[in-house]
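Each reported figure results from applying straightforward, stated rules to the coordinates on display, with no laboratory input. As the structure is a computational prediction, the values presented were derived from the model and not from experiment. Cβ sites come from the backbone with ideal geometry, for glycine too, and all protein chains shown count toward neighbours.
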Amino acid sequence: MISIYCRGSQKTWDEALPHLMFALRTARQESTGYSPAFLNLGRELRGPNEPFRKLSNGNQAPFEPTAYHRALKERLNKCYENATRTIRKASERQARYFNLRRRSVEFPIGALVWRRNHTLSDASKARTAKLEPKFIGPFKIAKRTSSTVYELETLRGKTAGAVHVEDLRPVS
């Protein structure tokens, strides 16, 4: 979201932080169904242009701390229960979407694979991570250490370390 505020000039992005934080704190989150401000404070934040709430006759509403505290506690408890339920449903939905195309992958010992390249940008070497190849290799599977981790070696037999199966692609 910061990049939206930086379109004009990257030198003034910090001036927009209060507005950005207000937007993030008051936005209703899909996974909880509530804004972070409401879950933390028990009420929605008032915007800078929102007038003070008044009764229909124009007077301020009377304030009674104990009744307000009791009502706030009850309302927050209901909200937390509802948010917990909604988070559980969102988690199940996200797991379903994640597992939709998820396939377990196994590589036989000796198979040739590509390994994901985790290169960082380095200005001193004029290296940009975005322009580096996504996968390097090929490497040979030397040993399976767990259901998701394989030991690799180069084609010359030198150890290349342990790699998670998500970072491997078969050589086709």
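At a 10 Å Cβ-Cβ cut-off, how would you order Val105, Val165, fewest neighbours first?
Val105, Val165
Expressed as a whole number of Å, what is the distance separating the alpha-carbon centroids of the range 138-166 and the range 10-30?
When both Cα centres are located, 44 Å separates them.
By count of other Cβ within 10 Å, fewest leading, how are Tyr80, Tyr150 ordered?
Result, fewest neighbours first: Tyr80, Tyr150.
Mind checking the range 77-116 for GluC sites (Glu not before Pro) that DSSP puts in a loop (not H, G, I, E or B) and that have at most 11 other Cβ atoms within 10 Å?
Those that pass, being in a loop and sparsely packed, are Glu106.
Could you tell me which trypsin sites (Lys or Arg not before Pro) in the range 71-172 are loop residues by DSSP with no more than 16 other beta carbons within 10 angstrom of their beta carbon?
Those satisfying the criteria are Arg101, Arg102, Arg103, Lys134, Arg156, Lys158.
Considering only the other residues whose Cβ falls under 10 Å of the Cβ of Ser121, what net charge follows from Lys and Arg at +1 and Asp and Glu at -1?
Once all neighbours under 10 Å are counted, the net charge is +1.
Just rank Tyr34, Tyr97, fewest to most, by other beta-carbon atoms within 10 angstrom.
In increasing order of surrounding Cβ atoms, one gets Tyr97, Tyr34.
Run the reach check for Lys78 against aspartates and glutamates, Cα to Cα strictly under 20 Å, same-chain hits fewer than 8 apart removed. What comes back?
By straight Cα distance, Lys78 reaches Glu30, Glu44.
Net charge near Phe98, counting Lys/Arg +1 and Asp/Glu -1 over other residues with Cβ under 13 Å of its Cβ?
Here the count lands on +3.
Can you tell me the mean projection area, over all orientations, of the convex hull of the range 68-122's alpha carbons? Units nm², please.
The Cα convex hull of the range 68-122, projected and averaged over all directions, gives 9.1 nm².
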